[in-house]
Amino acid sequence: MQILLVDNQIETDVNLSHLMQHLKNEYGKENVTGLKYIQDAKMCFKYDDKSIDFIFLDIEFGCTGNNIGLEFLEEIRKTDPYIPVCIITKHDDINRAFKSGRSLASFYITKKDLCNKFNVIDDWIKKSNDEVRFGYDRSLMKSINSKLAEDYDKIEYSKPGTIAFLYWEDEVIKKALKMTGDELGNFQSLKILDVACGTGRYEVLLHKAQKELGIKVDIAAMDFAGKMLIKAREKLEDIGVYVEPFKTGLCHIKLQRGFAEKIPFPDKEFDLVIFGFGVPSYTRFNYSIPEANRVLKSGGYAIFTVYNKSSLFNNYRKYFDKRIDECPLASWIKFEHFSNSEDQGIYKLVPQGCEEAAIEIQTFTKNELKDILNRFHFQAIKIETFPSLYSILPVKNIKAWSREDDRKVLNVHNFPCNYKPPYGEPAPFSYELYEIDKEHSKEQDCGFYITAIVKKVEDV
């Protein structure tokens, strides 16, 4: 349980001091953070590396008529519509104090009542911890912050299949960039949103691509895991790109905490929206697609990547049953169908064969993906699958195949492993195998991921 207390009188107000001490005793010192400056609180909430569970917030910060606490609360609700927030006021009349903030806050309490209602406060916290799961899976966010974010790049860039897929997806994004510029007739100012940005790989790509293509881009990159945003910021600063409020070169990048199901940006704000494969893994996809449509300008483009049901369930065991370590991060599907959603069956994805790390995912065939996107007013421009097989398996395994027909498909003798990923150790990836894999996936429609470039239209 992570608790944040924001009030400029934490050290001087007796009631607040007692509340802080109670929270530390009850939930552990390491789990309670006290901040007296609103700007510090905003940064703490944005780059939330532990996943805050409950917030106590002073709405006026000691100044009658100063609603900076309310402004922060409004910002919180745009970013995280579900997190429980208890507003603290010095006013005796709660109705008067919170007339404007009542619909945004979860609970209210006066400062003079703090010490007398520790049991009530503990009940609030317990209740909130139980009920927040109905909004989204906070335990999943905690897991991503505590386990996945730190080693994400190392894990991703150590798998040859992932390297091949990322290399291919980079080509797709550049293609969509050009389509968007051509459609709008303007390559000088494109606004791009990257949903589920993770550690900022696309932002590095877009920073480089805009120089190559001569495009000026403003990028908003969002993720629900604050620690992912921390890693993204570090990565961007390593290459000399400073995120907001700084600007450098042609590229302006803003990192934003938020959820794909409730994107914290206005209607018709962006020319291009990128939904990586984290979206169908960690969100409710049928809620996220309408949000992508809402924030896109008319005629704007979007990129969606999902898991290919056909390949995962028809070809997976044949190729990967005994070679889990050589597959991408999303390396194992539990085959039993355990629940249904409005649009799709939901299955269990087990990263690298680790049952404890299993997450729910939605999988699609190309037609199913096209249908759901069409329903939410997206017209498919290009839908492709990748990878199929060859670039996932290291060259040494391909050479060892006994089936003559497999060897004939590849006509393989010696493919050098000549690719060094941007992070981590060099992976056994070959450009030659990549080209073969790309053609095979296109011809046979057997790739393990589906990436769709779509266009927003008013009527399909």
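The values are calculated or read from the model by the stated rules, or taken from the named source; none is laboratory data. Predicted model only: the values in this text are computed from it and were never measured. Heads up, the Cβs are rebuilt from the backbone with ideal geometry, glycines too, and the neighbour counts pull from every protein chain shown. SASA here: full protein model, heavy atoms, side chains in, ligands and nucleic acids out. Shrake-Rupley method; radii C 1.70, N 1.55, O 1.52, S 1.80 Å.
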Practice prompt. Just need a number here: residues in region 70-79 that are modelled with pLDDT under 85 and open to solvent by less than 30 Å² (accessible area, probe 1.4 Å).
Written response: 1
Item to complete: Please name all residue pairs, on different chains or six or more residues apart, with Cβ atoms under 9 Å, provided the first residue is in region 65-77 and is over 16 Å from residue 53 (Cα atoms) and the second residue is modelled with pLDDT of 85 or more and part of a loop (DSSP other than H, G, I, E, B).
Response: 69/7; 75/264
Worksheet, complete the sentence: Note on region 24-45: residues in a helix (DSSP H, G or I) and either of a type in the set (D, E, K, R) or closer than 21 Å to residue 69 by Cα (or both) are 24, 26, 29, 30, 38, 39, 40, 41, 42, 43, 44, 45
Worksheet item: Which ones in region 254-286 are hydrophobic (A, V, I, L, M, F, W, C), surrounded by 22 or more Cβ atoms within 10 Å (Cβ to Cβ) and at pLDDT 85 or above?
Response: 255, 259, 260, 263, 270, 272, 273, 274, 275
Worksheet item: What's the number of the condition residue 34 fails, among (1) farther than 30 Å from residue 195 by Cβ; (2) among the small types (Gly, Ala, Ser); (3) at pLDDT below 90?
Response: (3)
Worksheet item: Of the residues that make up region 89-107, is at least one modelled with pLDDT of 75 or more and either assigned to a helix (DSSP H, G or I) or over 32 Å from the mean Cα position of the chain (by Cα) (or both)?
Response: yes
Worksheet item: Can you name the residue in region 51-66 that is at pLDDT below 70 and of a type in the set (Gly, Ala, Ser) and, of all such residues, is most open to solvent (accessible area, probe 1.4 Å)?
Response: 65
Fill in: Of all residues in region 169-200 being of a type in the set (D, E, K, R) and open to solvent by 40 Å² or more (accessible area, probe 1.4 Å), the one that is nearest to the chain's Cα centre (by Cα)
191
Worksheet, complete the sentence: Taking region 12-42 and keeping only residues that are hydrophobic (A, V, I, L, M, F, W, C) and either loosely packed, with under 13 Cβ neighbours inside 10 Å or on the phi > 0 side of the Ramachandran plot (or both), one is left with 14
Worksheet item: Which of the residues that make up region 287-314 are at pLDDT below 85, under 21 Å from the mean Cα position of the chain (by Cα), under 30 Å from residue 444 (Cα atoms) and surrounded by fewer than 24 Cβ atoms within 10 Å (Cβ to Cβ)?
Response: 307
Discussion item. Suppose the filter is out of contact with any Lys or Arg (no Cβ under 6 Å at 6 or more places or on another chain), modelled with pLDDT under 90 and either polar (S, T, N, Q) or part of a loop (DSSP other than H, G, I, E, B) (or both); does residue 21 pass it?
Written reply: no
Practice prompt. Give the residues of region 117-168 that are modelled with pLDDT under 70 and either in contact with a Phe, Trp or Tyr (Cβ under 7 Å, 6 or more places away or on another chain) or surrounded by 14 or more Cβ atoms within 10 Å (Cβ to Cβ) (or both), sorted by residue number.
Written response: 132, 135, 136, 137, 158, 159, 160, 161
Discussion item. I need the full set of residues from region 233-253 which are at pLDDT 80 or above, surrounded by 20 or more Cβ atoms within 10 Å (Cβ to Cβ) and touching a helix residue (DSSP H, G or I) at 6+ places or on another chain (Cβ under 9 Å), in order please.
Written reply: 236, 253
